[in-house]
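Before any comments, here is the structure.
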Protein chains: 2
Amino acid sequence: MAQRAKNILFIMFDQLRFDYLSCGGHPHLDTPHIDWLATQGVRFTRAYVQSPVCGASRMSTYTGRYVHSHGAAWNGFPLKVGEMTLGDHLRTLDVPSWLIGKTHMRVDAAGMARLGLSPDSVIGARVSECGFDVFEREDGLWGEGPDGVYDTQRSPYNEYLKGIGYNAPNPWHDNANSALDEDGALRSGWLMENADRPANIREEHSETPWLTSRAMAFVDAHAGPWLCHLSYIKPHWPYIVPAPYHAMYGRDHILPAQRDEREHDDAHPVYAAFMDNVIGRAFRRDEVRERVIPAYMGLIKQCDDQMGRLFAHLRATGRLEDTMIVVTSDHGDYLGDHWLGEKDLFHDPSVKVPLIIYDPSPMAAAARGTTCDALVESIDLAATFIETLGGKVPDHIVEGRSLRPFLEGRTPDTWRAFAVSEYDYSLTPMAGRLGVSPADARLFMIVDQRWKFVHAEGGFRPMLFDLDADPDELDDLARRPGHEEIIELMQQRLAAWARRPAQRTTLANDEIIARRGKSRRKGILLGAFDESDVDDELMVRYRGGSSDEAS
Amino acid sequence: MAQRAKNILFIMFDQLRFDYLSCGGHPHLDTPHIDWLATQGVRFTRAYVQSPVCGASRMSTYTGRYVHSHGAAWNGFPLKVGEMTLGDHLRTLDVPSWLIGKTHMRVDAAGMARLGLSPDSVIGARVSECGFDVFEREDGLWGEGPDGVYDTQRSPYNEYLKGIGYNAPNPWHDNANSALDEDGALRSGWLMENADRPANIREEHSETPWLTSRAMAFVDAHAGPWLCHLSYIKPHWPYIVPAPYHAMYGRDHILPAQRDEREHDDAHPVYAAFMDNVIGRAFRRDEVRERVIPAYMGLIKQCDDQMGRLFAHLRATGRLEDTMIVVTSDHGDYLGDHWLGEKDLFHDPSVKVPLIIYDPSPMAAAARGTTCDALVESIDLAATFIETLGGKVPDHIVEGRSLRPFLEGRTPDTWRAFAVSEYDYSLTPMAGRLGVSPADARLFMIVDQRWKFVHAEGGFRPMLFDLDADPDELDDLARRPGHEEIIELMQQRLAAWARRPAQRTTLANDEIIARRGKSRRKGILLGAFDESDVDDELMVRYRGGSSDEAS
């Protein structure tokens, strides 16, 4: 074993719930390979994403900064030129950061044009790809409709499928994310009624094995050191999976929906609007849950099997001995809990994610196989990676904190008292229906070891859950009097957080302290009446090289 | 008269108090030229800078954004690459923004290197100069001491003086900012005891006339449209002025210091630390005020005379008819008021500035010669300039609001209820003495039509003044019980302000609204169980170009 990990394999699944792993407590979903990783590392049981939606969550993870700091607040908000990324930080340590898979990053084309950055320059390409060098960029969102395509980039996965003989115009849809019915007709995976059918593709050609193969090819081709962000597209919708995974789970494996009729009573207006959107209305139907959840579980089972394949390859190539491995997700999936589908809000199924970190180094021996219930944020990963690779975390830029103490079985002297997540719904129809402006269509979550608090802009009341008394988050205590003090504390925490100097990124805190009062020794003599007020050496340059009065 | 101003002459003085003009109420300082401008335009009586210190204030003015948004929190904090400036906004309107004089901008060299921006490219030069094209950059801070020079750039002003025969190594200091005593020995202007002596330079060669001449040369050479930021170095320290201005004012013209012994009682710890710093201790001495204030008044009188010269030139060249003219400052000067010198804190002499805007267009006729007591911020200028030159204010980037309604004699439908200013003292020795961290060495001011509130990070109590009952701000009401409600309101205002989406700058608010719910028509079909849940046209692309099962 090396004294310190040389490489980092940063695996992110998309929309993987924290509790849909056997190590996360699922009673019917056996994920032995991810579980094995947990036995070799630390599993964090309270890891929160900075926003429960792909784009914003990932931009926080990749910058180590809150959404309120980087501004890419939802899918489709470009990450502005100038934001430093994980890739930028690791390059200062001479470690390249490679991407395989999804980022959901939208390029700030206007900002690049303003600064004259060409997307086909090395720097411009990195700015366009969230700081990564691209081994394979594939977001897997090849939607097409009457207004055109959702994503205008090239699709390496469609190119791959076409190259091996899948001849549809969009095999991502027609093969990997659709089924054939009994008559040979195409049944789109976009329609959840088709979720119980096998995808129209050989399993080894589907998205998850393809990305795994790409990762194995990457590992074989790169000596290291490297960070490789292996970013899977699944188990994200469309909910459809190839055989045999489509048939592994059935009605008996579906857990009861975590929901209660009381949640409709005097529901928070924003929550009510999401319950009432097309997704919420769908997921309250039993037939939707009964088709979707087994497919979702099959997708996860496939992911786990691919982890087995990948870990075996790492073992065989010696990489298990010098590579930190991280498994996490960008957000969860409601699956009908709380009368909601997908993600977007702050109940645990949406905002809490699995997080397992394996560090091969001897320093991490004491913590192997442990769990940690500290309040962890996705932005902590950037800090952890910088420190793991020998760097000092630039804490004037990166807002997350290194998790290395936990990885080494140590208790840090101080740790955050609360975690923060944000949700910007200004781009959603719900903002229109609620009549809130783009500035006001925003939510903030503050969670501590006991309470979860949600502040809504726009004049709405807050939400509050007591996670001790009500771990399923069914009873919003802010609907009635009685918790004014805790709400006030949470508002104060939110206010202090919002005032943080998140944009003061051009001068390190050590440098600030070192520079205090130094301008006097560069001749800026404020408050001096006569020479008795200043040291003699400060005046030397001001005694005149010449007393000539000119012209 | 043109229907709309073609050019903007944006004049900023440095450290000019709002009340050291005859139109601002000074009983002994006659400033007829600036007063004349006020008769032709609107004088704003409650204009606040976003930070009472050169660098941070200017970065807010030049970006139209709060300090908390751009992060260049004090002198020496580089403005990060990527922040959009006035120059960037006006270039989209095909109007160049030219600089003559001071910006106090520090370049984000690390950020430029990261993005591969060369300072000698056109774009790199603008990024290096806060978005301006440089006609003349001259900060006038040529300090020298045992640790070297304060500013390492070239000094066009020193080059000018050397070119006309001033032979000292640093004529900015030895001539423009020093005097000769009776024995011909150099007496540095850094020492305030020398403030009553005439500067060792011919008046027409001193800084203010030199910059005025440069502005006249600019006007002659540029047909327009243009914005010209004429940014004077004076009446900022060193406090020394050439004859005859050095002798125009004396002890009789000094207003009593606006201070009270009660201010020392239970003073706010941060305020107490500033009162006790070398500047505060100096300015409580009568001899300091008696030397400095007449020199400061002489510097202002010289500025006003140069305004007369400049305005005459504009009149002669026809520019008065097509050029908006703005006169303001980056902050004020305590001059011993409140037991303080210089600026830094939030009493009116420091944080409030003169602001006069003359618009030549007929639309502005109704407001000529009026005053406006709305709460105005320096960041409003960027918005005003954009709108004046025909643009639409990008309100997802620029946080200020256009002042055009006031310039046209209209009352806007809504206006801000409070103004905000910030002060970051993390780089000052006071932070060290108070034992506060770089993150905590920050103050926020909220001022409305009646109350001025200061929040201090780091666990200190707030400050509160009732401007109706105590316009001189001598009685900090937060020292004793009785104003909890107004303090709570101010804290809530500060919190709401701090939560604003200031970094969501890559998508305009109109665009956000326009995009709501549009992904469905690009094939992202969430919440659909079967075809009955979607319009037929959404499914067309998903019915399969081919149902071949490949390979």
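The table below gives the values:
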{"read-out": "Enumerated helices (runs of 4 or more DSSP H) restricted to segment B:438-551, each holding at least 1 residues that are surrounded by 15 or more Cβ atoms within 10 Å (Cβ to Cβ) and more than 8 Å from chain A (Cβ to nearest Cβ)", "value": "B:484-498"}
{"read-out": "Flag if B:Leu29 is open to solvent by 30 Å² or more (accessible area, probe 1.4 Å) and more than 16 Å from the chain's Cα centre (by Cα)", "value": "no"}
{"read-out": "Segment B:62-91: number of residues that are more than 18 Å from B:Gly400 (Cα to Cα) and part of a loop (DSSP other than H, G, I, E, B)", "value": "8"}
{"read-out": "Residue pairs meeting the criteria (Cβ under 7 Å; at least 6 apart or on separate chains; first under 15 Å from A:Val95 (Cα atoms), in segment A:127-139; second hydroxyl-bearing (Ser, Thr, Tyr) and part of a strand (DSSP E or B))", "value": "A:Gly131/A:Ser97; A:Phe132/A:Ser97; A:Asp133/A:Ser97"}
{"read-out": "From A:Glu182, A:Glu204, A:Glu159, residue being free of Cβ contacts under 8 Å to residues at least 24 places away in the same chain, open to solvent by 30 Å² or more (accessible area, probe 1.4 Å) and closer than 19 Å to A:Gln302 by Cα", "value": "A:Glu204"}
{"read-out": "Segment A:237-257: number of residues that are in a loop (DSSP other than H, G, I, E, B) and buried (at least 24 other Cβ atoms within 10 Å of the Cβ)", "value": "5"}
{"read-out": "Residue match in segment B:368-385 (condition: out of contact with any strand residue (DSSP E or B) (no Cβ under 7 Å at 6 or more places or on another chain), surrounded by fewer than 17 Cβ atoms within 10 Å (Cβ to Cβ) and part of a helix (DSSP H, G or I))", "value": "no"}
{"read-out": "Boolean, B:Thr45 is more than 14 Å from chain A (Cβ to nearest Cβ) and either open to solvent by 10 Å² or more (accessible area, probe 1.4 Å) or at negative phi (or both)", "value": "yes"}
{"read-out": "Residues that are open to solvent by 40 Å² or more (accessible area, probe 1.4 Å), part of a loop (DSSP other than H, G, I, E, B) and among the hydrophobic types (A, V, I, L, M, F, W, C), drawn from segment A:398-437", "value": "A:Trp415, A:Ala417, A:Phe418"}
{"read-out": "Conditions (1) farther than 30 Å from A:Pro362 by Cβ; (2) of a type in the set (A, V, I, L, M, F, W, C); (3) under 20 Å from the mean Cα position of the chain (by Cα); number of the one not met by A:Val398", "value": "(1)"}
{"read-out": "Qualifying position, being among the charged types (D, E, K, R) and closer than 18 Å to B:Met297 by Cβ, among B:Asp265, B:Asp252", "value": "B:Asp252"}
{"read-out": "Residue within segment A:106-127 that is under 21 Å from the mean Cα position of the chain (by Cα), under 28 Å from A:Pro52 (Cα atoms), modelled with pLDDT of 95 or more and open to solvent by less than 40 Å² (accessible area, probe 1.4 Å) present", "value": "yes"}
{"read-out": "Residue match in segment B:103-113 (condition: in contact with a helix residue (DSSP H, G or I) (Cβ under 7 Å, 6 or more places away or on another chain), within 11 Å of another protein chain (Cβ to nearest Cβ) and closer than 18 Å to A:Glu83 by Cα)", "value": "yes"}
{"read-out": "Some residue of segment A:32-48 being over 18 Å from A:Thr388 (Cα atoms), in a loop (DSSP other than H, G, I, E, B) and among the acidic types (Asp, Glu)", "value": "no"}
{"read-out": "Residues located in segment B:28-47, provided they are touching a residue at least 24 places away in the same chain (Cβ under 8 Å) and acidic (Asp, Glu)", "value": "B:Asp30"}
{"read-out": "Complete set of residues in segment A:193-203 that are touching a helix residue (DSSP H, G or I) at 6+ places or on another chain (Cβ under 8 Å) and over 21 Å from A:Asp286 (Cα atoms)", "value": "A:Ala199, A:Asn200, A:Ile201, A:Glu203"}
{"read-out": "Where a residue in segment B:381-406 is over 16 Å from B:Phe10 (Cβ atoms) and its partner, wherever it lies, is in a helix (DSSP H, G or I) and acidic (Asp, Glu), with Cβ under 7 Å and at least six apart", "value": "B:Val393/B:Glu387; B:Arg401/B:Asp380"}
{"read-out": "Top-ranked residue of segment A:281-340 - restricted to ones that are open to solvent by 30 Å² or more (accessible area, probe 1.4 Å) and assigned to a loop (DSSP other than H, G, I, E, B), ranked as farthest from A:Thr384 (Cα to Cα)", "value": "A:Arg285"}
{"read-out": "Boolean, B:Ser60 is surrounded by 24 or more Cβ atoms within 10 Å (Cβ to Cβ), more than 27 Å from B:Pro349 (Cα to Cα) and either within 14 Å of chain A (Cβ to nearest Cβ) or touching an Asp or Glu at 6+ places or on another chain (Cβ under 7 Å) (or both)", "value": "no"}
{"read-out": "Number of positions in segment A:262-280 that are open to solvent by 50 Å² or more (accessible area, probe 1.4 Å) and either of a type in the set (Gly, Ala, Ser) or within 14 Å of chain B (Cβ to nearest Cβ) (or both)", "value": "2"}
{"read-out": "Exclusive hit being of a type in the set (Lys, Arg) and more than 25 Å from A:Asp472 (Cα to Cα), set A:Arg315, A:Arg289", "value": "A:Arg315"}
{"read-out": "Sole exception among (1) buried (at least 24 other Cβ atoms within 10 Å of the Cβ); (2) over 23 Å from A:Thr506 (Cβ atoms) for A:Gly76, by number", "value": "(1)"}
{"read-out": "Index of the failed condition, A:Ala221 passing every other in (1) closer than 30 Å to A:Asp359 by Cα; (2) in contact (Cβ under 8 Å) with a residue 40 or more places away in the chain", "value": "(2)"}
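The values are calculated or read from the model by the stated rules, or taken from the named source; none is laboratory data. A quick note: this is a predicted structure, and the numbers were derived from the prediction, not measured. All Cβ positions, glycine included, derive from the backbone under ideal geometry; neighbour counts span all protein chains shown. For accessibility, only protein heavy atoms count, side chains too; no ligands or nucleic acids. Shrake-Rupley method; radii C 1.70, N 1.55, O 1.52, S 1.80 Å.
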